[in-house]
Amino acid sequence: MANIQVTIKDAVYEAAEGLTAGEALKLAKVPTKGPQRPLAARFNDELVDLSRPLAEDGVLEPVDQSAPEALDLLRHSVAHIMAEAVKSIFPEVKVTIGPAIENGFYYDFDKPEPFTPDDLGRIEDRMRAIVKAAQVFERSEMTPLKAVEFFKKQGEDYKVELVEDLVREQQVKKVSLYRLGDFVDLCRGPHVPDSSWGGSFKLLSVAGAYWRGDEHRPMLQRIYGTAFFGGKDLEAHLRLLEEAKRRDHRRLGKDLDLFSVTDEVGGGLIIWHPKGALLRVTLEEFERQEHLRRGYDIVMGPQILRTELWKRSGHWDNYRDNMYFTEIDGQGYGIKPMNCLAHMFIYRSQLRSFRDLPLRYFELGTVQRHEKSGVLHGLTRVRQFTQDDAHLFCTPETLDQEIKGILKLVDDLLGAFGFEYEIELSTRPAKSIGSDEAWELATGALQKALSDQKRPYEVNAGDGAFYGPKIDVKLKDALGRRWQCSTIQCDFTLPERFDLTYVDHDGQKKRPIMLHRTVFGSIERFIGILTEHYAGAFPAWLNPEQVRILTVTSRADEFARTVRTRLRREGLRAEADLRNEKLGYKIREAQMQKVPYVLVLGDKEVEDGAVAVRKLGGQDLGVMPLDSFLALAIFETKPPRWDF
RNA sequence: GCCCACAUAGCUCAGCAGGUAGAGCACGUCCUUGGUAAGGACGAGGUCAUCGGUUCAAGUCCGAUUGUGGGCUCCA
């Protein structure tokens, strides 16, 4: 048998061919215990099992739990452990696929009867036994023909389909299989060496999922779980899930009395209560002012527009199933699912010169979309919502500048809430309108603006709007969850379809370029995100209640009313709690309602014309004259503003 | 739209062998005037989501509808 040369950490080792990766690493004295113990290896840049025999010269690197791919590898391995457990308890179940996902893993099963919560417990117990038994992940290879035969014999129809697709789509000559206990799965691998690695796991939920994500194919049962290298990490993640539940905007919306949804009114339709409505108009007014400062015009369009317009715009072809239509005097109308049409008619209401451009029309436009019943969710997915929508009409010369202006606006407005974000560039989808040249131009313009500003972005191929490519912004909230809010879409097509023109320097009529964009996206959804981001403790400028005045005894009632009047006169949102309750009780309630400032008024304050100030969370600012508090509160409740 | 689960007082939930509804909080009245996260007593509150079926009898069993939750598909 020939010898091979294996390079590990810059040292070269001579070894017999067929030596496993794990054995080779031992030659280099890679730790076999502790956090640096390898769970897999990288051989000539290919991720391999430690049990993989080495057949050629090459560079070998250990992969331990600190490696970026380690957690996925572990979770995928735990998915196999789960599948083995499920197969041993329910032998009639057919297995499909079980990948690692962002915060865990899942495995999809075809099983006639649904899994029950009890089943999850039983599966977990079986998994623990498998972990304890430290079963080895055993890799083998087969020709696709053999593999098909093998899985057919086992009745694993889904695996048969997967192998056949691998052959058809990638012309593979060999497939790899992994055995764990009695369970053999088609799998690219690699895996952790044995099941003892998978001890820190938890099964989370069962849900339906279509085979291969296709709604025309069978509905499978998906079990979600998560796994980590240590119990501490697992506990931290479970705590995060608890925290997310605690911050759920649907719960906080009720607790803080912001909004409600009721089946009597209809699903996906938000009813804004006084505090929620106040929060919302505060946010909207902030945005209006910021747009006016940046040269936008505020406009408003009608709620319904004639159906033929939707046909001309392409919305009829692409979205008519998600629109509502009605008829007036024999004429068809569609309720608007977006705002751009009216804005184009404002553009068209006059002859435009290049001197008029850019035109920036901003509308807090309320739209209706017939979302499928199963997708509705609190404030984040509703059937009627308000977009902070704008359409910019510009010449090719100023396009770049306008895109950059929008990026700056996004930066400022999202930054106001402490959001960081990531950018994606979405390109032409399968279902689209417009010429190839227009798509190339538009995509190039967005790309150029991003790279000029050195903003890192990822390309999301085929995910653009039907009329143009777009920049999508995914913000990250306080819990690290990502939400898509802002979007910038470059459109050459609608100006064409609605024959928008301007007169250029040379006296010729030309087409303006149209930019569609939102910053918050949907006001409803954004308030949902803000609620969870702040856990209900909105910053003072946005909080529907900024100051709550508490009396110690009824002797302070009159003064409390005076203070409330003074605060309100200064534009502060103040309430007085004059109920016959103990101070501690009122404080508790004000804290739970997340009011930023509490003023305590007792005999001392009445006598001195002063207020005792307590901030949300318990910080005591002490007793101060009412005027001092007024100055402080006016300063602290100013909305953010930027120089540019 | 699809899979599964759920729907009881304003809120959170108990009621898990079918026999005419219960707790805590909130609310009302009274007592208490109490200085930084829940003072006390009493009281009022429900056609058990809606419609239909089984049964002598249905909150409880069955079906449909609506809505909600966890996902899937979709998201201009």
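The values are calculated or read from the model by the stated rules, or taken from the named source; none is laboratory data. If you're wondering where the values come from, they're calculated on a predicted model, not measured in any experiment. Here Cβ is always computed from backbone atoms with ideal geometry, including for glycine, and neighbour counts include all displayed protein chains. Quick note on the areas: whole protein, heavy atoms, side chains included, nothing else; ligands and nucleic acids left out. Shrake-Rupley method; radii C 1.70, N 1.55, O 1.52, S 1.80 Å.
For the reader, a short list of remarks on this structure follows.
- Average accessible surface area per residue within chain A, 1.4 Å rolling probe, Å²: 49
- Label-point separation in nm, A:LYS404 to A:ASP165, each point 7 Å along Cα→Cβ: 4.5
- Placing +1 on the Cβ of every Lys and Arg and -1 on the Cβ of every Asp and Glu, with no other charges, gives chain A a dipole of roughly 1160 debye about its Cα centre.
- Applying the criteria of a DSSP loop state and at most 13 other Cβ atoms within 10 Å to the trypsin sites (Lys or Arg not before Pro) of the range A:337-414 yields A:LYS372.
- For chain A, the longest principal axis of the alpha carbon atoms and the long axis of helix A:557-569 meet at an angle near 80°.
- Nearest-20 debye value, the range A:84-207 charge dipole, Cβ charges on Lys, Arg, Asp, Glu: 420
- Diffusion coefficient of the range A:72-119 by Stokes-Einstein, Kirkwood radius over Cα pairs, 20 °C, 1.002 mPa s: 192 µm²/s.
- Helix axis angle, A:396-415 relative to chain A longest principal axis, alpha carbon, degrees: 90
- Alpha carbon centroid spacing (whole Å) that separates the range A:1-68 from the range A:223-244: 31
- Put a dot 7 Å past the Cα of A:VAL265, heading toward its Cβ, do the same for A:ALA535, and the two dots end up 2.9 nm apart.
- Across every pair of non-identical alpha carbons in the range A:129-219, the mean reciprocal distance, once inverted, gives a Kirkwood radius of 15.0 Å.
- Separation of the range A:400-472 and the range A:148-213, taken as the distance between their Cα centroids, equals 38 angstrom.
- Counting only alpha carbon atoms, the long axis of helix A:583-592 and the longest principal axis of chain A meet at about 60°.
- Separation of the A:ALA15 and A:ALA461 label points, Cα + 7 Å toward Cβ, nm: 3.7
- Placed amide H near A:ASP194: partners under 5 Å, 5+ positions off or other chain: A:PHE137
- 13 Å beta-carbon shell around A:GLN489, net charge (K/R +1, D/E -1): -3
- Chain lengthening between A:ASP233 and A:LEU204 when straightened (0.36 nm per residue, less Cα-Cα): 8.9 nm
- With every protein chain in place, chain A: carbon and sulfur % of accessible area (1.4 Å): 49
- Relative contact order [Cα under 8 Å, 6+ residues apart], the range A:111-206, whole percent: 38
- Helical content of chain A, expressed as a calculated mean residue ellipticity at 222 nm, amounts to -11000 deg cm²/dmol (DSSP H runs of 4 or more residues, -39,500 (n - 2.57) each, divided by residue number, nearest 500).
- Assigned charges on the beta-carbon of Lys, Arg, Asp, Glu; the range A:115-162 dipole about Cα centre (debye): 200
- In this structure the amide hydrogen of A:ASP297, modeled in the peptide plane, comes within under 5 Å of the amide hydrogens of A:ARG360, A:TYR361, A:PHE362, none closer than 5 places in sequence on its chain.
- Percentage relative contact order, the range A:546-610, counting C-alpha pairs under 8 Å, at least six apart: 52
- The range A:513-560-the range A:254-270 distance, computed between alpha-carbon centres (Å): 18
- Extreme residue, positive dipole direction of chain A, given options A:ASN103, A:LEU599, A:TYR333 (C-beta unit charges): A:LEU599
- Relative contact order for chain A, counting Cα pairs under 8 Å that sit 6 or more residues apart, in percent: 8
- For the range A:558-644, GluC sites (Glu not before Pro) are listed when DSSP marks them as loop and at most 15 other Cβ atoms sit within 10 Å of their Cβ; the list is A:GLU570, A:GLU581.
- Residues in the range A:632-642 carry Karplus couplings, in order, of 4, 5, 4, 5, 6, 10, 6, x, x, 8, 10 Hz; the curve used is 6.51 cos²θ - 1.76 cosθ + 1.60 with θ = phi - 60°, and Gly or Pro positions show x.
- Compared with the alpha-carbon gap, the fully stretched path from A:THR7 to A:GLU284 is longer by 93.5 nm at 0.36 nm per residue.
- Loop-located GluC sites (Glu not before Pro) in the range A:1-104 (DSSP state other than H, G, I, E, B) with a sparse environment of at most 15 neighbouring Cβ atoms within 10 Å: A:GLU17, A:GLU56, A:GLU69, A:GLU92, A:GLU102.
- Cβ-derived FRET efficiency at R0 25 Å, A:GLU397 paired with A:ASP643, nearest 0.05: 0.45
- Each of A:TRP439, A:PRO495, A:ASN3 was placed along the dipole of chain A (beta-carbon charges, centred on the mean Cα), and the one lying farthest toward the positive end is A:PRO495.
- Karplus 3J(HN,Hα) series, Hz, for the range A:615-631 with 6.51 cos²θ - 1.76 cosθ + 1.60 (x for Gly, Pro): 8, 4, x, x, 5, 9, 8, x, 8, 9, x, 3, 5, 5, 5, 4, 4
- Charge dipole (the range A:48-149, unit charges on Cβ, about Cα centre) - positive-most of A:PRO62, A:ALA147, A:ILE123: A:ILE123
- Distribution of pairwise C-alpha distances over chain A, 10 Å bins, in %: 3, 12, 17, 19, 19, 16, 10, 4, 1, 0
- Residue-wise HN-Hα coupling along the range A:202-218, computed from phi with Karplus coefficients 6.51, -1.76, 1.60 (Hz; x: Gly, Pro): 7, 8, 10, 6, 10, 8, x, 8, 6, 4, 6, x, 10, 5, 8, 9, x
- Potential lengthening between A:GLU308 and A:VAL623 on full extension [0.36 nm per residue; Cα-Cα distance subtracted]: 106.8 nm
- Positive contributions from Lys and Arg (+1) and negative ones from Asp and Glu (-1), summed over other residues with Cβ under 10 Å from the Cβ of A:GLY334, come out at +3.
- With a cut-off of 13 Å between beta carbons, the residues surrounding A:PRO274 carry a summed charge of 0, where Lys and Arg count +1 and Asp and Glu -1.
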